[in-house]
Amino acid sequence: MKPFYITTPIYYVNGRPHIGHAYTTFAADTLARYWRQRGHEVVFLCGTDENSQKNVEAAHKEGERDIQKFVDRMSAVWQETWDSLGISHDVFVRTTSPEHKKAVTALAAKVWEAGDIYKGVYEGLYCVGCEAFLTDSDLENGLCSIHRLPPKPIKEENYFFRLSKYRGRLLDHIEAHPKFIQPESRRNELTHYIANAMADISITRQSAEWGIPLPQDSSQAIYVWFDALINYLTGVGYGSDEKRFKKTWPADLHLVGKDIIKFHCALWPAMLISVGLPLPERVFAHGYFTVNGQKMGKSAGNDIDPTALAKEWGIDALRYFLLREIPFGEDGDFSLERFKERYEGDLANGLGNFAARVLAMTEKYLDGRVPEVVSAPVEDLWTAFNDAVEKLAFDEALRLIWLRIGECDRLINTEEPWVLAKTDKTRLERVLYILLENLRQVSLMLWPIMPETSEQILARLGVLAIEKSEPLSERRVWGGLKPGTKVKKGDILFPKKS
Ligand code: MSP
């Protein structure tokens, strides 16, 4: 069976990862875990985009003359960050690796043979921040609308890719495959762009001191986006391991921010059609978030380090917050204040308190033993939960879980197990079983989003960790918690900070 192949963008190494990069990466990690938990083989790709002018400028700024040395050092920072945040990627691509460079050269040669590359003169405005030529609609008062910097006027002889040749085929593909670009607002944006504005694109830069040379004219370096997109192929064996490549490609999902959707849904599919490769199944663009209402960035000095936050509050709390707070696909805002509110309200007083109460009562009234199974008194949540995750509505998926936690809290308050312990042992056992089994169900559901917390609760419930157990299809059935199992309360899951 073909593995589920999911990718994040490969990030530039001109700076360290900030919370915006962690956002995309956490979302991709959640989906990778979601499919693994459901028994699918998964290939989850991350990486670094290294042949960029931005990286060269960053190296120079640090007084580093050896660009390769600089990108080596910075790529390691990104890899370490993802490792320390528990990201479960299977592949980490680097675009300065010999395999990637070789495959990019080979692919460019194929595009050339297809007659899709020609020489022309480019005259226009280039924004190094975007690594892109800007059009009027990208400008505000003469400045790049994203980077708020004046673009550089450039006139040079370049090689162009016949992007416009693919207009019809791209539009047909988008129409025939409604899932190809999501959410729908982005799909409409792209359809409009492809139909009305998309033009041939310069895919080389003259006299670039850094980058992969164009095989047919080594005085020119291949444009960083043309090179970077190919990472999705080279990361799974294109040009080096055909068997692996055939098994894995096409990607099931490219996750990207809305800033780079055009590259992924116009240039990229056109390149693939040009060389006769199948197109990715789905590209999903999430929104951008601000920090305390301000655009986040190094120059603004407000970019937030995800590792520091995770160290203070826990990785799972950060994952929870980002995926719960901002509806995936929409813009949002990050503030520490809001983070603390959700930490206290949803995690410490919500999930954490629910788990602690149920486990403590079982210890206290039933000697820590799971009572007899009670048949399902509540509606199965799995279908709605799975639907939400599969449409990448993470906020909705989490809301469903927290509704269930709320119902369980109400059950505790109305049944008052501390009273039942004295008056009605049979009823007490029934109530506690329902609560314990709900806790197990909720933990299984939460695993892709909050893996560590999920594992901790499952361990306290005396059941196996996710990766060591039977398939989820069996585990998720109501009644899986076996009578007699010993449970323990354990430490506080989300300690309050003040
Ligand atoms: N190197 C290119 C991608 C090449 S993929 C073939 C690139 N790199 S980047 O380092 O600039 O990363 C951009 C991505 O970072 C966005 O698409 C998004 O995934 C993430 N984000 C950066 N800032 C963000 C926010 N403020 N909010 C949400 N996501 C953000 O573009």
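The values are calculated or read from the model by the stated rules, or taken from the named source; none is laboratory data. Because the structure is predicted, anything quoted here is derived from the model rather than measured. Neighbour counts run over all protein chains shown; Cβ positions are idealised from the backbone, glycine included.
Here are the numbers for the structure shown:
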{"quantity": "Residue satisfying condition, being under 29 Å from residue 160 (Cβ atoms) and crowded, with 19+ Cβ neighbours inside 10 Å, within set 256, 291", "calculated": "256"}
{"quantity": "Within the stretch 351-415, helices (runs of 4 or more DSSP H) holding 3 or more residues that are in contact with a helix residue (DSSP H, G or I) (Cβ under 6 Å, 6 or more places away or on another chain) and either at pLDDT below 95 or farther than 19 Å from residue 487 by Cα (or both)", "calculated": "382-390, 394-415"}
{"quantity": "Residues satisfying the stated conditions in the stretch 283-323, i.e. away from the ligand (no atom under 15 Å from the Cβ) and either within 15 Å of the chain's Cα centre (by Cα) or not aliphatic (A, V, I, L, M) (or both)", "calculated": "307, 311, 312, 313, 314, 315, 316, 320"}
{"quantity": "Residue 174 modelled with pLDDT of 95 or more and away from the ligand (no atom under 16 Å from the Cβ)", "calculated": "yes"}
{"quantity": "Residue selected from the stretch 447-458 under the condition part of a helix (DSSP H, G or I) and touching a residue at least 24 places away in the same chain (Cβ under 8 Å), by the criterion surrounded by the fewest Cβ atoms within 10 Å (Cβ to Cβ)", "calculated": "452"}
{"quantity": "The listed residue being in contact with a helix residue (DSSP H, G or I) (Cβ under 9 Å, 6 or more places away or on another chain), modelled with pLDDT of 95 or more and either surrounded by fewer than 22 Cβ atoms within 10 Å (Cβ to Cβ) or not in a helix (DSSP H, G or I) (or both), out of 47, 39, 63", "calculated": "47"}
{"quantity": "Residue 85 being over 14 Å from residue 11 (Cα atoms) and of a type outside the set (S, T, N, Q)", "calculated": "yes"}
{"quantity": "Only listed residue being buried (at least 20 other Cβ atoms within 10 Å of the Cβ), among the small types (Gly, Ala, Ser) and closer than 21 Å to residue 493 by Cβ, chosen from 317, 285", "calculated": "317"}
{"quantity": "Residue within the stretch 295-305 that is under 21 Å from residue 129 (Cβ atoms), surrounded by 14 or more Cβ atoms within 10 Å (Cβ to Cβ) and of a type in the set (S, T, N, Q) present", "calculated": "yes"}
{"quantity": "Condition met for residue 122 (over 27 Å from residue 294 (Cα atoms), in contact with a strand residue (DSSP E or B) (Cβ under 8 Å, 6 or more places away or on another chain) and surrounded by 13 or more Cβ atoms within 10 Å (Cβ to Cβ))", "calculated": "yes"}
{"quantity": "Subset of the stretch 32-55 (residues that are within 14 Å of the ligand (Cβ to nearest atom) and in contact (Cβ under 8 Å) with a residue 60 or more places away in the chain)", "calculated": "45, 47, 49, 51, 52, 53, 54, 55"}
{"quantity": "Flag if residue 252 is in contact (Cβ under 8 Å) with a residue 60 or more places away in the chain, among the acidic types (Asp, Glu) and touching a strand residue (DSSP E or B) at 6+ places or on another chain (Cβ under 6 Å)", "calculated": "yes"}
{"quantity": "Output for the stretch 1-31, where each listed residue is in a strand (DSSP E or B) and near the ligand (Cβ under 9 Å from one of its atoms)", "calculated": "7, 11, 12"}
{"quantity": "Hits in the stretch 354-384 (condition: within 21 Å of residue 396 (Cα to Cα) and of a type in the set (Phe, Trp, Tyr))", "calculated": "354, 382"}
{"quantity": "Residues of the stretch 477-491 that turn out to be of a type in the set (Val, Ile, Thr) and under 11 Å from residue 462 (Cα atoms), as a count", "calculated": "2"}
